[in-house]
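Asker: Here's a structure for you.
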Amino acid sequence: MTTTENPAATDTRTITLRVNGREITRTVSTRTTLADFLRDDLDLVSVHLGCEHGVCGCCTVLLDGQSVRSCLMLAVQARGHEVETVESLSADQTNLHPIQEAFAEEHALQCGFCTPAMVLRCKEIIADGRTRTDEEVRREISGILCRCTGYQNIVNAVQNASRRCASTGQEA
Amino acid sequence: MKPPRFLYCDPDTLDAAVALKAQHGFDALMLAGGQSLMPMLNMRLASPGVLIDINGITDLQRVVRTDDVLEIGAGVRQSAIESDEQVHAAVPLLARAVPHIGHVENRHRGTVGGSIAHADGAAELPCIAVTLDAVIVVRGASGEREIPAKDFFQGFLSNACAPDELVVAVRFPVTPAAAGTGFVEVARREGDFALAAAAVQAELDEQGRISRIAVGLAGVAATPVRATAVEDRLTGAAADPDTVAAAAQLAADVVTTGDDLHATAAYRKHLATTVVMRAVLAAVADAEQRTQNGSAS
Ligand code: FES
Ligand code: FES
């Protein structure tokens, strides 16, 4: 990398990133978290804020395909990266993604607050096509709290989604 | 629950980061993975005038192995260590401990240097650094210095960096091929901070007695600590369960954390002896297996 002049310390910054496949350029306050940027500036309100300090996992998004807590990142840090929220999975409600169908079929949500995070984490987990025990799935989703505590059905949904994506060959 | 206002900068060279830190001193905080600093900002426990984001500095993202040292750049992500066979082979204790750091979502962002600099007495990486006598490399305006891990962690969330210094790398000694390792942690829930955790590296002599052993503990004091009394008792001792269990009792004396929300002091002492016993036995079993494999080949 060539040494460039370091930008001055500022409290706003113009950033360019990809969100759900679209390139976005916005000027943001540098103190804005990625979660607030997605919700307030881009209207992606599937990103749920439960605790805003890294405990609940409900704000999970995929950053370059990896699950991260969007309340623990600044929006400015996502510049140049690819962010995915659950809105990217299906264009309309009649044409759900197999993971969403699996969650519906297994009744894997009650209030739905943790669901976008769980669905994205599920997408990341099953991408490797590996078969997992329920115990392994539990460990893999342990970073996201479901306040309705319906974990058994969420585990079932992850297993169901994994089977669907394996049998259709659809990329998760 | 939003960060306070601050000035943000993102130097792309180490020199520029050092210059910025020298310029702003205590008023500036380094932003690495953000898994501890961001909660502190959101809760307004920290309100720096300047935030220096070091995620763009590629010089900090290297892992370099020589014959006897594994140097991990401060900016290397914990999840990268978790999946790096070279790291597992060189320092097996890291492979055992890293999966215990927070949750996978934290490890995708969290860095090695960030966890070391944050200096949490309950955290895994500081504990491993102390157990293995790692060296923390820091750099400031007047150059680089190497600080032994035992001197780096100075108290509750306090490290030995001067206001103009930042952590640039951690040097772990490469583990001898025949040494066994064990890491045992007790937490309330998966991903929670350790109520107590023990890291052990042990070597055996020809008679199967313990010839060298290092025992580190997390979660039981303001800093990670070595259970030196346990090490002394076990050095030269037989590695049988009764001897190990008796020696592990001495670990209770290093527990200085009092009653808190998560556990009473008495329970922590109990846990400390239990995790030490289990980690020593695991390390001994691992060493026995390695010796067998080694002599068989
Ligand atoms: S809102 Fe981000 S972890 Fe709870
Ligand atoms: S469905 Fe209500 S929080 Fe999980």
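The values are calculated or read from the model by the stated rules, or taken from the named source; none is laboratory data. All values reported here derive from a predicted model rather than from experimental measurement. Methodologically, a virtual Cβ is constructed for each residue, glycine included, from the backbone with ideal geometry; neighbour enumeration extends over all protein chains shown.
Asker: Of these, B:258, B:219, which one is small (Gly, Ala, Ser), on the phi > 0 side of the Ramachandran plot and either assigned by TED's automatic domain parsing to the domain that holds residue B:281 or without any contact (Cβ under 8 Å) to a residue 12 or more places away in the chain (or both)?
Answerer: Sole residue among the options that is small (Gly, Ala, Ser), on the phi > 0 side of the Ramachandran plot and either assigned by TED's automatic domain parsing to the domain that holds residue B:281 or without any contact (Cβ under 8 Å) to a residue 12 or more places away in the chain (or both): B:219.
Asker: May I pose another question? Do we have any residue at all in segment A:152-159 that's away from ligand 1 (no atom under 16 Å from the Cβ), modelled with pLDDT under 95 and not assigned by TED's automatic domain parsing to the domain that holds residue A:65?
Answerer: no
Asker: Kindly check whether there is at least one residue in segment B:227-244 that is over 30 Å from residue B:28 (Cα atoms) and among the basic types (Lys, Arg).
Answerer: There is at least one residue in segment B:227-244 that is over 30 Å from residue B:28 (Cα atoms) and among the basic types (Lys, Arg).
Asker: Just give me the residues in segment A:46-65 being closer than 16 Å to residue A:19 by Cα and within 15 Å of ligand 1 (Cβ to nearest atom), in sequence order.
Answerer: Hits for segment A:46-65 are A:46, A:47, A:59, A:60, A:61, A:62, A:63.
Asker: Quick check, is residue B:178 surrounded by fewer than 24 Cβ atoms within 10 Å (Cβ to Cβ) and touching a Leu at 6+ places or on another chain (Cβ under 9 Å)?
Answerer: yes
Asker: Every residue in segment A:131-145 that is more than 7 Å from chain B (Cβ to nearest Cβ) and in contact (Cβ under 8 Å) with a residue 24 or more places away in the chain, please.
Answerer: A:131, A:132, A:134, A:144, A:145
Listed here are the residues, each with its yes/no results for (1) more than 20 Å from residue B:135 (Cα to Cα); (2) facing another protein chain (nearest Cβ under 9 Å); (3) more than 16 Å from the chain's Cα centre (by Cα).
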| position | (1), (2), (3) |
| --- | --- |
| B:50 | yes, yes, yes |
| B:60 | no, no, yes |
| B:73 | no, no, no |
| B:81 | no, no, no |
| B:92 | no, no, no |
| B:98 | no, no, no |
